[in-house]
Amino acid sequence: MSEISIQEVVDNRPTGFRAVLSEFWSYFSENRGAVVGLIFFIGVVLIAVFADFIAPHAPNQQYREALLQPPFWQAGGDIKFPLGTDAIGRDMLSRLIHGSQYSLFIGCIVVSLSLAAGVILGLLAGFFRGRVDTFIMRIMDIVLAFPSLLLALVLVAVLGPSLINAMIAIAIVQQPHYVRLTRAAVMTEMTKDYVTAARVIGIRSLRLMFVTILPNCMAPLIVQAALSFSTAILDAAALGFLGMGAQPPTPEWGTMLAEAREFILRAWWVVTFPGVAILTTVLAINMMGDGLRDALDPKLKRS
């Protein structure tokens, strides 16, 4: 009898997991834009992973005989440089391909830092309430009172211009959104019967917060993380454009835009292609985030 029960449990586990995945994909795939965004994002990830093999040239290799050479379809272009070259003869396509690595790296680091810190602070605020809640939330309110890009600029100015400091500054700026979202979700979960039952049987606070409550708060946090990923790329590009983020000759898209400002009228390609890369990547991630929201938010699901 016990063997049959164990076998039933084992058989039901993958079925349940497949059912959850199937339900998630059914809601996600209803949003055509989200599917397109997911496919494009997967393409960007593959380009970033295999950049060294895909790029026709090294990102910082200079060809002095091909300064500001136009794309191959224009007069004077060369198929050797499909998207043209910049002011010091570097291949634009190769720099864009390697720039995808920096953009994904920035998004992953910023989201990881802000999500981890925000979840911890939000759990503490929502679980303990009282003075702990007031202290944490007033600090978050102060951070939110500043324009995000301005605050990031100030933090980078204090820390010093660099890609690492830019990521730290952006993570600090994004953190309050995770704190507020986690706090609201925790306060909702705290009123439910399973939390009361866990308290009655004597589960410790840390286990109750991180093992019992937190998994039930993850759906909105996943959506916020997806949307914050694109915001991190945009903010990093803005800081790079202002000279406060990645420093030349790093092939980061915002830094590429900053280097190309003075050539905007005579060499359109050195400005257009990095801008299009930022636009399409951020748009794809935002569309994917909308699909995640539709699939994970129970309020948007049909009964």
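The values are calculated or read from the model by the stated rules, or taken from the named source; none is laboratory data. Computed from a predicted structure; not experimentally measured. In this analysis, Cβ positions are derived from the backbone assuming ideal geometry, glycine residues included, and neighbour counts consider all displayed protein chains.
The table that follows gives values for the structure above.
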| item | result |
| --- | --- |
| Residues (touching a helix residue (DSSP H, G or I) at 6+ places or on another chain (Cβ under 8 Å) and over 21 Å from Ser230 (Cα atoms)) located in region 155-200 | Leu159, Arg183, Ala184, Ala185, Val186, Met187, Glu189, Met190, Tyr194, Val195, Ala198, Arg199 |
| Extreme residue, surrounded by the most Cβ atoms within 10 Å (Cβ to Cβ), among residues of region 82-97 that are over 11 Å from Ala267 (Cα atoms) and charged (D, E, K, R) | Arg95 |
| Lone qualifier among Arg64, Arg95, Arg18 - being of a type in the set (Lys, Arg) and either part of a loop (DSSP other than H, G, I, E, B) or farther than 28 Å from Ala226 by Cβ (or both) | Arg64 |
| Verdict on Leu38 being in contact with a Gly (Cβ under 9 Å, 6 or more places away or on another chain), touching a residue at least 12 places away in the same chain (Cβ under 8 Å) and in a helix (DSSP H, G or I) | yes |
| Members of region 207-223 that are among the β-branched types (Val, Ile, Thr) and under 18 Å from Ser114 (Cα atoms) | Ile222, Val223 |
| Matching residues in region 158-217 - criterion: being in contact (Cβ under 8 Å) with a residue 24 or more places away in the chain, farther than 30 Å from Thr250 by Cβ and outside any helix (DSSP H, G or I) | none |
| Restricting region 188-225 to residues that are under 28 Å from Leu292 (Cβ atoms) and of a type in the set (Gly, Ala, Ser), the residue that is surrounded by the fewest Cβ atoms within 10 Å (Cβ to Cβ) | Ala219 |
| From Gly160, Gly84, Gly89, residue being in contact with a Pro (Cβ under 7 Å, 6 or more places away or on another chain) and on the phi > 0 side of the Ramachandran plot | Gly84 |
| Glu8 vs. criteria at pLDDT below 75 and of a type outside the set (A, V, I, L, M) | yes |
| Output for region 33-50, where each listed residue is crowded, with 16+ Cβ neighbours inside 10 Å and over 15 Å from Ile233 (Cβ atoms) | Ala34, Val35, Leu38 |
| Residue that is farthest from the chain's Cα centre (by Cα) [pool: residues in region 101-119 that are among the small types (Gly, Ala, Ser) and surrounded by fewer than 23 Cβ atoms within 10 Å (Cβ to Cβ)] | Ala117 |
| Long-range neighbours under 6 Å by Cβ, at least six apart or interchain, first residue without any contact (Cβ under 8 Å) to a residue 60 or more places away in the chain and farther than 11 Å from Asp86 by Cβ within region 248-267, second among the aliphatic types (A, V, I, L, M) and not in a loop (DSSP other than H, G, I, E, B) | Gly254/Ala237; Ile264/Val271 |
| Selection within region 122-132 - buried (at least 17 other Cβ atoms within 10 Å of the Cβ) and over 20 Å from the mean Cα position of the chain (by Cα) | Leu123, Leu124, Ala125, Gly126, Phe127 |
| Among residues of region 196-217, those that are farther than 19 Å from Ile120 by Cα and not charged (D, E, K, R), counted | 6 |
| Out of Ile106, Ile79, sole residue that is in a helix (DSSP H, G or I) and either farther than 21 Å from Ile264 by Cβ or modelled with pLDDT under 90 (or both) | Ile106 |
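So that you can scan it fast, the table gives a plain yes or no per residue for (1) modelled with pLDDT of 90 or more; (2) among the aliphatic types (A, V, I, L, M); (3) in contact with a Leu (Cβ under 9 Å, 6 or more places away or on another chain); (4) closer than 25 Å to Val110 by Cα:
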residue: Ile142; (1), (2), (3), (4): yes, yes, no, yes
residue: Ala152; (1), (2), (3), (4): yes, yes, yes, yes
residue: Pro161; (1), (2), (3), (4): no, no, yes, yes
residue: Ile168; (1), (2), (3), (4): yes, yes, yes, yes
residue: Pro176; (1), (2), (3), (4): yes, no, yes, yes
residue: Ile203; (1), (2), (3), (4): no, yes, no, no
residue: Phe210; (1), (2), (3), (4): no, no, yes, yes
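Residue-wise test of (1) among the hydrophobic types (A, V, I, L, M, F, W, C); (2) within 30 Å of Thr280 (Cβ to Cβ).
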{"site": "Leu214", "(1), (2)": "yes, no"}
{"site": "Val223", "(1), (2)": "yes, yes"}
{"site": "Thr231", "(1), (2)": "no, yes"}
{"site": "Thr250", "(1), (2)": "no, yes"}
